[in-house]
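Asks: Have a look at the structure that comes next, please.
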Amino acid sequence: MLPSIRTLSWSTLAVLLVLSLPAATAARPSVSATTVGLVTHDLATGGETPTSLVQELVGPGAVVSNIVYNGAPVAAGTFTGGTGIVGFERGILLSTGDVVEVVGPTNDSDETSIDYGTPGDADLLALIGNGTMENACILEFDLDCPTGSVISFQYVYGSEEYEDSVAATFNDVFGCFLNGQNIAWVPGTNDPVALGFVNCGYPYDPPGGANCAYYVTNNCTTLGLGWPCTATVATEIDGLSGVFTATGTLLPGTNHVKLAIADHLDGNFDSYVFLRGQSFICASTPPVFGAATPGGQVLRALAGVPMSFDVSASAANGLPGESVALSVAGDPAPLAGGTFTPALPTGLSQPASTRFDWTPTAGDLGIHHLDFTVTDQLLESASCNVAILVSQSAPPAFFPPSPCGQVLNAWTGTPFGFAVAASGQNGLSNETITLDVSGDPVPIAGGTFVPALPAGPAPSVTTQFSWNPVPADAGIHQLVFTATDQLQGTSTCTVTIRVHDSPGINHCQPGVAGTLYCPCNNPPANAPRGCNNSSHTGGARLTSDGVASIANDTVVFTTDGERPTATSILFQGNVHWSQGVLYGQGVRCALGLIKRLYVKTAAAGSITAPQPGDPSVHARSESRGDPIQAGESRYYAVYYRDPTIPFPCDSSRNFNITQMQEVLWGP
């Protein structure tokens, strides 16, 4: 629904609003869709009738009856060619003189005037409040609006009385009376539409001016051009208002409409009102934005990355030639940095559309708003806001199971592998990344990547690395994976691979890295070993060989540095405690579920387990109640008898223990 009264300057409308409406009667001569210059047809000789005037004025949805005209036959008629002059192409014209006198383009006379000596109008006089009225031009009709409870129309007031020597006193007036109440007022005021209430106080207008923002002078003297002149507006009229919109609330059923204009105090110097064709309508439907327009949305943009969106809108009032203009306001950053194609504001079209393109910079970080307004030819409008959140781009991310930053253990002769996965993080349409690898030549040459690297571009990329290191590969190797997105943002993932030439990894070195010290003042001679023993070997050491595979278990443990013939037990735990606990003359770090696997007697301070004929390590573990699954670790050590107890330990500490080895079991 329209606001009570709205306005837009006619000069702006001359650019934006070009409307072609069909002829009201067959008697009216045909004209082009947009006539160059005003052309009028009156009730006397122009083929118009009161009925054709109302047909030209009233738009869809309105039912009219009881049409009555009072005034001189030449004082009322239709016009075309109003674009660029009054701001709309065609409509009807009511005057206190002769409608043909509005025709320009030259303003020939300062005082165009016809006095018919016809009566005035009491309703118009009541708007002014004093004096008398003459030469009234009145068009009346009854109106039914089955589709709404509001009417509206648009019009422009003009007068030859403007800027004349007597204009401060003579106040010609226009009114639209709906059921006896005027609904035509100067926008935002309670002022009637009359010369004394729309002017800029030029030499002979009312002092100081009134509602000057709505007035356009066309007086040759004021413009400094002399008479006659090609003035600002291509019409004879000396001054005009902007385009005004009047609205009124209807009563149920039939309503009475009276459109009237008259001279004030005398019949000299004519005044006119141009009423826009087809604009007198029941409640109108405002224009609408297209479904693809992102109104009310927050669009994400990245600094340095082009972004765009489309805006479209169309009229919905059902008028002939319905069309809209599209404009924009909002934050300076996107308005200055972006482009609209076509440029805004658009001319009238159905629909109107534009594409916005912008590449924000790092200085544009934050949220920005663009406010789009669509206005139809009845000045009905709708708006939508599009918010743009500009942020810095985010580099790609690696995600599980990628072992970034980890040290992975591998053993020679045992298959080894891991997966790396990464994706973009910017949320861009069709976002892609590329995954590549660099690092030590040994795993890159000896292993395989599936899919092969570099891989991508794709929204996310995963590769599986597989390798079966050989003894020559023992040592530490690094692979550096790099993910690169389409904005050239990068992230890296470094994976360290420690290749062991035995299945066991040494732990629990007494007195090192937080592990407890030997309890009997018997530290090992060197690593990796357990605490020293009475044979002064420097401590017993546990080593391993073979393949730690559930399917192909060839793991064999060997000790050296024990007492020469010590009874020895290889045991297994499923928990590693790095601090350890004091255990006999040494320190034990294998805890949890403890299983004794093999009992052997040392020969020259050494045992081997399992020996030929013994169950494999994982088989013995399962038989003892601790089945091992692929991917699980177990912790191994050998404790052995040592009856010679060093000071300061007591007789209870008659045994010693090797360091511990961790074995990670594969499939």
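The values are calculated or read from the model by the stated rules, or taken from the named source; none is laboratory data. If you're wondering where the values come from, they're calculated on a predicted model, not measured in any experiment. Glycine also receives a Cβ, built like all others from the backbone with ideal geometry; neighbour counts cover every protein chain displayed.
Asks: Please verify whether G489 is without any contact (Cβ under 8 Å) to a residue 40 or more places away in the chain and surrounded by fewer than 20 Cβ atoms within 10 Å (Cβ to Cβ), treating the condition exactly as stated. Walk me through it before giving the result.
Replies: Values: without any contact (Cβ under 8 Å) to a residue 40 or more places away in the chain: no; surrounded by fewer than 20 Cβ atoms within 10 Å (Cβ to Cβ): yes.
Judged against the criteria, G489 is not a match.
Let's see how each residue does on (1) at negative phi; (2) of a type in the set (A, V, I, L, M, F, W, C):
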residue	(1), (2)
G47	no, no
F88	yes, yes
L93	yes, yes
P105	yes, no
D108	yes, no
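Asks: Across the stretch 238-262, which residue is surrounded by the most Cβ atoms within 10 Å (Cβ to Cβ) among those that are at pLDDT 95 or above and touching a Ser or Thr at 6+ places or on another chain (Cβ under 7 Å)?
Replies: Here the answer is I261.
Asks: Kindly provide the set of residues from the stretch 414-428 that are more than 21 Å from P457 (Cβ to Cβ) and buried (at least 19 other Cβ atoms within 10 Å of the Cβ), ordered by number. Give the derivation first.
Replies: Looking only at the stretch 414-428, we keep the residues that are more than 21 Å from P457 (Cβ to Cβ), and these are 414-418.
Hits for the stretch 414-428 are T414, F416.
Asks: For a quick check of your reading of the model, give me the residue pairs whose first member lies in the stretch 335-357 and is in contact (Cβ under 8 Å) with a residue 60 or more places away in the chain and surrounded by 13 or more Cβ atoms within 10 Å (Cβ to Cβ), whose second is hydroxyl-bearing (S, T, Y) and in a strand (DSSP E or B), with beta-carbon atoms closer than 6 Å and at least 6 apart or on different chains.
Replies: Short answer, once both residue conditions are applied: P345/S327; P351/S312; P351/S314; S353/S312.
Asks: Could I ask something else about it? What strands (runs of 3 or more DSSP E) lie completely within the stretch 77-185 and have 1 or more residues being touching a Leu at 6+ places or on another chain (Cβ under 8 Å) and of a type in the set (S, T, Y)? Before you say what the answer is, go through the steps one by one.
Replies: Details: elements: 91-95, 133-144, 150-159, 173-178.
It comes to 150-159.
Asks: Pick from G82, G77: which is crowded, with 24+ Cβ neighbours inside 10 Å and farther than 15 Å from Y157 by Cα? Before the answer, list the steps.
Replies: Numbers: G82 fails: farther than 15 Å from Y157 by Cα.
Being crowded, with 24+ Cβ neighbours inside 10 Å and farther than 15 Å from Y157 by Cα holds for just one of G82, G77, which is G77.
Asks: Can I ask one more? Residue check, V311 against (1) more than 15 Å from R355 (Cα to Cα); (2) β-branched (V, I, T); (3) crowded, with 18+ Cβ neighbours inside 10 Å, all met but one. Which one?
Replies: V311 satisfies every listed condition except (1).
Asks: Mind counting the residues in the stretch 186-203 that are crowded, with 19+ Cβ neighbours inside 10 Å and either part of a strand (DSSP E or B) or of a type outside the set (V, I, T) (or both)?
Replies: 10
Asks: Another question about this same structure. Identify the residue in the stretch 418-442 that is part of a strand (DSSP E or B) and among the hydrophobic types (A, V, I, L, M, F, W, C) and, among all such residues, is nearest to Q488 (Cα to Cα). Walk me through how you get there before you give the answer.
Replies: In the first step, residues of the stretch 418-442 are kept if they are part of a strand (DSSP E or B); the result is 418-423, 433-439.
Those still in the list that are among the hydrophobic types (A, V, I, L, M, F, W, C) too: 418-422, 433, 435, 437.
Numbers: F418: 26, A419: 23, V420: 20, A421: 18, A422: 15, I433: 9, L435: 12, V437: 16 Å.
Going through the qualifying residues, I end up with I433.
Asks: On to the next question. Taking into account only those residues within the stretch 376-409 that are assigned to a strand (DSSP E or B) and touching a helix residue (DSSP H, G or I) at 6+ places or on another chain (Cβ under 8 Å), which is modelled with the highest pLDDT?
Replies: By that ranking, first place goes to I388.
Asks: Does P469 qualify as being at pLDDT 85 or above, on the phi < 0 side of the Ramachandran plot, not assigned by TED's automatic domain parsing to the domain that holds I550 and not in a strand (DSSP E or B)? Steps first, please.
Replies: Details: at pLDDT 85 or above: yes; on the phi < 0 side of the Ramachandran plot: yes; not assigned by TED's automatic domain parsing to the domain that holds I550: yes; not in a strand (DSSP E or B): yes.
Yes.
Asks: Also, quick follow-up: Among the residues of the stretch 187-212, which ones are over 19 Å from T132 (Cα atoms) and either charged (D, E, K, R) or in contact (Cβ under 8 Å) with a residue 60 or more places away in the chain (or both)? Steps first, answer last, please.
Replies: Residues of the stretch 187-212 over 19 Å from T132 (Cα atoms): 187-190, 198-205, 207-212.
Result: P187, G188, D205.
Asks: Of the residues in the stretch 204-220, how many are part of a helix (DSSP H, G or I) and of a type in the set (F, W, Y)?
Replies: Selection size over the stretch 204-220: 1.
Asks: Within the stretch 558-579, take every residue that is small (G, A, S) and over 19 Å from G538 (Cβ atoms) and give me the one that is surrounded by the most Cβ atoms within 10 Å (Cβ to Cβ). Steps first, please.
Replies: If we filter the stretch 558-579 for residues that are small (G, A, S), which is where we start, we get 561, 566, 568, 573, 578.
With the extra rule that they be over 19 Å from G538 (Cβ atoms), the set shrinks to 573, 578.
Numbers: G573: 20, S578: 12.
Once the filter is applied, the top-ranked residue is G573.
Asks: In the stretch 457-478, what residues are surrounded by 19 or more Cβ atoms within 10 Å (Cβ to Cβ) and over 20 Å from D501 (Cβ atoms)?
Replies: V461, T463, F465
Asks: Residue by residue through the stretch 543-553, note down the ones that are touching an Asp or Glu at 6+ places or on another chain (Cβ under 9 Å) and under 30 Å from T644 (Cα atoms). Write out each step before concluding.
Replies: Just the residues of the stretch 543-553 that are touching an Asp or Glu at 6+ places or on another chain (Cβ under 9 Å), to begin with: 543, 545-547.
If the condition is that a residue be touching an Asp or Glu at 6+ places or on another chain (Cβ under 9 Å) and under 30 Å from T644 (Cα atoms), then T543 is the only one that fits.
Asks: What's the total number of residues in the stretch 599-634 that are buried (at least 20 other Cβ atoms within 10 Å of the Cβ) and free of Cβ contacts under 8 Å to residues at least 40 places away in the same chain?
Replies: 2
Let's see how each residue does on (1) under 30 Å from D42 (Cβ atoms); (2) in a loop (DSSP other than H, G, I, E, B):
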position: Q278; (1), (2): yes, yes
position: A292; (1), (2): no, yes
position: S308; (1), (2): no, no
position: F356; (1), (2): no, no
position: P360; (1), (2): no, yes
position: G363; (1), (2): no, no
position: V374; (1), (2): no, no
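Asks: For the stretch 359-374, indicate whether the set of residues that are farther than 30 Å from V156 by Cα and among the hydroxyl-bearing types (S, T, Y) is non-empty. Talk me through it step by step, then tell me what you get.
Replies: Pass one, the stretch 359-374, residues farther than 30 Å from V156 by Cα: 359-370.
Of the ones still in play, those that are also among the hydroxyl-bearing types (S, T, Y) are 359, 361.
Yes: the stretch 359-374 contains one or more residues that are farther than 30 Å from V156 by Cα and among the hydroxyl-bearing types (S, T, Y).
Asks: Being assigned to a strand (DSSP E or B) and not β-branched (V, I, T) is the filter here; which residues of the stretch 498-514 pass it? Walk me through it before giving the result.
Replies: Just the residues of the stretch 498-514 that are assigned to a strand (DSSP E or B), to begin with: 498-500, 504-507.
Answer for the stretch 498-514, where residues must be assigned to a strand (DSSP E or B) and not β-branched (V, I, T): R498, H500, G504, N506, H507.
Asks: If you don't mind, another one. Within the group G104, G97, which residue is in contact (Cβ under 8 Å) with a residue 24 or more places away in the chain and touching a strand residue (DSSP E or B) at 6+ places or on another chain (Cβ under 6 Å)? Before the answer, list the steps.
Replies: Working: G97 fails: touching a strand residue (DSSP E or B) at 6+ places or on another chain (Cβ under 6 Å).
Checking each option against the conditions leaves just G104.
Asks: Can you name every residue in the stretch 431-454 that is within 30 Å of P306 (Cβ to Cβ) and either among the hydroxyl-bearing types (S, T, Y) or surrounded by 19 or more Cβ atoms within 10 Å (Cβ to Cβ) (or both)?
Replies: First pass over the stretch 431-454, keeping only residues within 30 Å of P306 (Cβ to Cβ): 431-436, 453-454.
Within the stretch 431-454, T432, I433, T434, L435, L453 qualify.
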